[in-house]
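Down below is the structure, laid out as structure tokens.
The values are calculated or read from the model by the stated rules, or taken from the named source; none is laboratory data. In this text the structure is predicted, and so the values were computed from the model without any measurement. For neighbour counting, all protein chains shown are included, and Cβ atoms are generated from backbone atoms with ideal geometry for every residue, glycine included. Just the protein is used for accessible areas: all its heavy atoms, side chains included, with ligands, DNA and RNA removed. Shrake-Rupley method; radii C 1.70, N 1.55, O 1.52, S 1.80 Å.
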Amino acid sequence: MWSLLQIELYKISRRPRTYIAFAAIMAIVLIFQFAFKADGQSYMNLMLQNVQDNFEIDRSKAINGYFMCYIILNTLLVQVPILVALIAGDAISGEANMGTLRLLLTKPVSRTKIILVKFIASFIFTIVLLIWMAIFALLVSMFVFGIDDMLIFRVKGDESQIMQITKDDVLWRYIAAFAYAAVALTVIAAMAILMSVFAENSIGPIVATVCIVIFFTIVSNLNVPIIDKNVKPYLFTSYLVGWKGFFYINANADGQPIKGSIENWPAIRNSLCILIGHIIIMLGIAVAAFNKKDILS
Amino acid sequence: MNPIVEVKNLSKSYKEVDAVRNLSFSVNSGDVYGFLGQNGAGKSTTIRMLMTLIAPTEGTINIFGKTLHNHRNEILSRIGAVIEKPDVYKYLSAYDNLKLFAKISGVKPTRQMLMQQLEMVGLDQRWNSKVSTFSQGMKQRLGIAIALVHNPALIILDEPTNGLDPQGIADIRNLILNLSKLHGKTIIVSSHLLSEIELIANRMIIIHKGEKIVEGDVQELLDPSKNIVQIETTNNEAAKQIIALSNFTEEVKQSHQHLHMQMNKNRVPDLIKYLSDKNVAIISVQSKHSLEDYFLNLTKSN
Amino acid sequence: MKSTFTKIACLFLLVGNSITTTAQDINVLVQNVKKKIEKVNDYEAEGTMKTNVAFLKIPIAKIKLYFKRPNLLKLKSEQGVSFMPKGAMSLNLNHLFANQQYVIIDGGNEKINNQLVRVAKLLPNDDNSEMVLSTIYIDPANEVIVKSKTTTKENGTYELNMYYGKYIGFGLPDKILFSFNAKDYKLPKGITFDFDDGSSQKAKTPIAKNKKGQAEIYIKRYLINKGLSEKNFQ
């Protein structure tokens, strides 16, 4: 299994396509940082709205490394599924397209093992991608923009909130958020692999995965009450943004945030369970389907 | 002799098509076994079933005396195969591909061993070139090197000469003969060209539309006594009855203009005289002594 | 008949006299309060501020308050990102009296926390003054302002409630409740791509409806008349 995984990782590492993802993340993050360095104030103005009528806020302090990372993740985590799909969606179908699947499956390795190894390889790729993202979005931002308290702007139902997390209470939240994001993106990987089983070329599953993610995300964010209640809970994309839950700090009765707290841990835990459930089910279907599949490519 | 491959009543049907129907055959140890059929005859489907790429609808496959279904990995570790195109990872070098597949096949490859393998197929000079720069023939040879890297007892080559130039075809042919004679490997070679099989195989099967037409010794099938004679007469109906009552052949088949029969070609003059005596005039007589015609004929008449 | 007239005249006199007396009193009282406040040339205060606004979940801030006569006042957070209420200028009671051009109207007596206080309304004469009307509630015994309500042209109404301790001699409070009109905060939906944890469907807390903002300022320590440099106000 280990040597098979090594081979799989070796194959991923030797393909130019792999590095598109890393380059894309680096480019997007750097563009973001440049834009905010140049004119972060207008974004702050947009988020603060009329709060500035009542309060004096040091916006340059508010635009710090921690805040930047949140903004970048907020945007990037919509796009990163595409990058994960780019690799995972290619896992089986790419080999089918290249013709190597034939050769691979006539080797004394079970198909279940092959799927699992490809899944683990995609998972590792996702983790490495997230670490790469953490380096640029968090560490570089911290270096460029400095460290200070973090403001979270949140729409909660019909209310909007501004939460402040003191700077000594932020880092562990990012570690938790990245771990959560790893699980969320692994759902995408599992889905892309599942699609990949049924296709003979890699474009199909990549596009299909991306389309599903985009479609579900749009529906998740429609803000139509009837959909919010009846459809949204059943879309896995609703849970992809659950990492933000780690930044929804709990407040006491007086409205003071409680250091080290999370407002709704059960909701995050449930989301995690739902995501992991998705991974298991999709991977299970992928294994079953792949074992039954006649290789005609 | 112990059969290495024993296939019984193998069938594969897709929604509407029966790709393989009730196919049985066996390959003995040391055989170069020719698998002959036109494109779409079911050769590939059968070979893919042997390699577990396709699950049979019915029937059993035993290889090395064990059922393939239950001992898949054990059996596959002793088989090397090139199925259709020899596709490998184009973005890797020949050496890296070979190393990678050696590992997957459960072999701990050494550099010396891999280079030896590449030398055998004549790729040692290009060992570090990316496969994307290779010609079809080079890819085919690399495919064979990969099939052989784990020293399998059974080698299955599906249309190994497809897309090769005459020199390439000759190289592959020599390689197969070497593997058989010098290394004692059992080899299954599929082809749609009888001339190919004729040169390398000792046993063969001909399949058509998923069914076995004939299986046997190549020498035997090439026996002049088993030649096909095709005649056209002024009255085929009468001729057929006359021949059937004679001892020239066991069976006469009739297609729209011709009669076909299996008989020793030395007796053709006697047959002509015999029919003339019975007032059946001969328009044409053709004796086909090559297996190719035999193959074409059988497949056509079916 | 005569006696009746006398009675009515006396009544008028009494009433008139009482009004004049009160008016004098309030003017004197305001002047005394002003004098007391003017004893302080500058100060540097240290303390904490707790902000009570429905949409803000922010921690208690460590603050410093700098003042220099006549009208320099700066509220600074010592660390972190801070939300400093904009009407902080009104913490400077001097600005109530900064302009001599105002009319004092006696608002009579009232009770705040079981304490009798005198009410004075200050109306500026200057039409350009930012302040429209200021009502101050004075503790007559200690000659300090315990509450003020100021209506401004641009920034709505501010209310100050002040509680005094050991700095009462300088007219400086230990605790200030600063109330202001907080505008409702509403982000457009979909801008934040938030995680919907389902909690928003639960009953909303009544605080959410409260549009009144409040800052509670607790001063631990004043450094008075130490000659503050102006760069603290930048």
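If I go through region A:248-260 residue by residue, how many of them are touching a helix residue (DSSP H, G or I) at 6+ places or on another chain (Cβ under 8 Å), more than 9 Å from every other protein chain (Cβ to nearest Cβ) and at negative phi?
Total meeting the criteria: 0.
Any residue at all in region A:26-40 that's within 14 Å of chain C (Cβ to nearest Cβ) and either within 30 Å of C:I58 (Cα to Cα) or in a helix (DSSP H, G or I) (or both)?
Within region A:26-40 (the criterion being within 14 Å of chain C (Cβ to nearest Cβ) and either within 30 Å of C:I58 (Cα to Cα) or in a helix (DSSP H, G or I) (or both)), the answer is yes, since at least one residue qualifies.
Of all residues in region A:158-195, how many are open to solvent by 10 Å² or more (accessible area, probe 1.4 Å) and of a type in the set (S, T, Y)?
1
Can you tell me how many residues within region B:56-85 are touching a residue at least 12 places away in the same chain (Cβ under 8 Å), facing chain A (nearest Cβ under 9 Å), among the acidic types (D, E) and more than 30 Å from B:D124 (Cα to Cα)?
The total comes to 0.
Of everything in region B:86-99, what is crowded, with 19+ Cβ neighbours inside 10 Å and either out of contact with any helix residue (DSSP H, G or I) (no Cβ under 8 Å at 6 or more places or on another chain) or facing another protein chain (nearest Cβ under 7 Å) (or both)? Give them in sequence order.
Residues satisfying the conditions are B:D87, B:V88, B:Y89, B:L92, B:D96.
Sort through B:I83, B:I79 and tell me the only one that's buried (at least 16 other Cβ atoms within 10 Å of the Cβ) and at pLDDT 90 or above.
Every option except B:I79 fails the conditions.
Give region C:31-63 a look and list any residue that's away from chain A (no Cβ under 14 Å) and part of a strand (DSSP E or B), or say none.
C:D42, C:Y43, C:E44, C:A45, C:E46, C:G47
Restricting attention to region C:87-108, report how many residues are in contact with a helix residue (DSSP H, G or I) (Cβ under 6 Å, 6 or more places away or on another chain) and at pLDDT 75 or above.
Of the residues in that region, 2 qualify.
In region A:43-73, how many are closer than 27 Å to A:Y180 by Cα and either touching a residue at least 60 places away in the same chain (Cβ under 8 Å) or aliphatic (A, V, I, L, M) (or both)?
The number of residues fulfilling the criteria is 14.
Residue by residue through region C:64-92, note down the ones that are more than 12 Å from every other protein chain (Cβ to nearest Cβ) and in contact with a His (Cβ under 7 Å, 6 or more places away or on another chain).
If the condition is that a residue be more than 12 Å from every other protein chain (Cβ to nearest Cβ) and in contact with a His (Cβ under 7 Å, 6 or more places away or on another chain), then C:N71 is the only one that fits.
Exactly one of these conditions fails for B:T110: (1) without any contact (Cβ under 8 Å) to a residue 40 or more places away in the chain; (2) over 27 Å from A:E8 (Cα atoms). Give me its number.
Against the list (1) without any contact (Cβ under 8 Å) to a residue 40 or more places away in the chain; (2) over 27 Å from A:E8 (Cα atoms), B:T110 comes up short only on (2).
Tell me which residues, restricted to region A:249-266, are within 20 Å of C:V53 (Cβ to Cβ), open to solvent by less than 70 Å² (accessible area, probe 1.4 Å) and either of a type in the set (D, E, K, R) or outside any loop (DSSP other than H, G, I, E, B) (or both).
Hits for region A:249-266 are A:A251, A:P257, A:E263.
When you look at A:N291, is it in a helix (DSSP H, G or I) and within 14 Å of chain C (Cβ to nearest Cβ), yes or no?
The answer is no for A:N291.
So that you can scan it fast, the table gives a plain yes or no per residue for (1) modelled with pLDDT under 90; (2) of a type outside the set (D, E, K, R); (3) closer than 30 Å to C:K212 by Cβ:
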| position | (1), (2), (3) |
| --- | --- |
| A:L235 | yes, yes, no |
| A:F247 | no, yes, yes |
| A:G255 | yes, yes, yes |
| A:I268 | no, yes, no |
| A:I274 | no, yes, no |
| A:I279 | no, yes, no |
| A:I285 | no, yes, no |
| A:F290 | no, yes, no |
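Just need a number here: residues in region B:100-133 that are more than 12 Å from every other protein chain (Cβ to nearest Cβ) and buried (at least 20 other Cβ atoms within 10 Å of the Cβ).
Final tally of qualifying residues: 5.
For region B:107-115, indicate whether the set of residues that are modelled with pLDDT of 90 or more, closer than 20 Å to A:W2 by Cβ and in the same structural domain as B:P160 (by TED's automatic domain parsing) is non-empty.
Looking through region B:107-115, at least one residue is modelled with pLDDT of 90 or more, closer than 20 Å to A:W2 by Cβ and in the same structural domain as B:P160 (by TED's automatic domain parsing).
Open to solvent by less than 30 Å² (accessible area, probe 1.4 Å) and hydroxyl-bearing (S, T, Y): does that describe A:S60?
Spelling it out, it is not the case that A:S60 is open to solvent by less than 30 Å² (accessible area, probe 1.4 Å) and hydroxyl-bearing (S, T, Y).
Could you tell me which residue of region A:11-23 is nearest to the chain's Cα centre (by Cα), considering only residues that are surrounded by fewer than 17 Cβ atoms within 10 Å (Cβ to Cβ) and part of a helix (DSSP H, G or I)?
If we take residues in region A:11-23 being surrounded by fewer than 17 Cβ atoms within 10 Å (Cβ to Cβ) and part of a helix (DSSP H, G or I), then A:F22 is nearest to the chain's Cα centre (by Cα).
Determine, yes or no, whether A:V155 is surrounded by fewer than 23 Cβ atoms within 10 Å (Cβ to Cβ), of a type in the set (V, I, T) and either assigned to a strand (DSSP E or B) or in contact with a His (Cβ under 8 Å, 6 or more places away or on another chain) (or both).
yes
Taking region A:90-136 as the search range and keeping residues that are among the basic types (K, R) and touching a residue at least 24 places away in the same chain (Cβ under 8 Å), which one is nearest to the other protein chains (Cβ to nearest Cβ)?
Per the stated criteria, the residue is A:R102.
With the requirement that a residue be within 14 Å of chain A (Cβ to nearest Cβ), closer than 17 Å to B:I213 by Cβ and assigned to a loop (DSSP other than H, G, I, E, B), what does region B:2-55 give you?
Passing the criteria: B:G40, B:G42.
So, of the residues in region C:178-190 that are more than 7 Å from chain A (Cβ to nearest Cβ) and surrounded by fewer than 17 Cβ atoms within 10 Å (Cβ to Cβ), which turns out to be modelled with the lowest pLDDT?
C:P188
Looking only at region C:129-158, which residues are touching a residue at least 40 places away in the same chain (Cβ under 8 Å) and closer than 24 Å to C:K39 by Cα?
Hits for region C:129-158 are C:I136, C:I138, C:P140, C:E143, C:V144, C:I145, C:S148, C:T150.
Just checking, which of A:L240, A:L272, A:L235 is of a type in the set (A, V, I, L, M), in contact with a helix residue (DSSP H, G or I) (Cβ under 9 Å, 6 or more places away or on another chain), free of Cβ contacts under 8 Å to residues at least 60 places away in the same chain and within 14 Å of chain C (Cβ to nearest Cβ)?
Result of the check over A:L240, A:L272, A:L235: A:L235.
Could you check region A:42-60 and list, in sequence order, the residues that are of a type in the set (D, E, K, R) and facing chain C (nearest Cβ under 8 Å)?
A:D53, A:E56, A:D58, listed by residue number.
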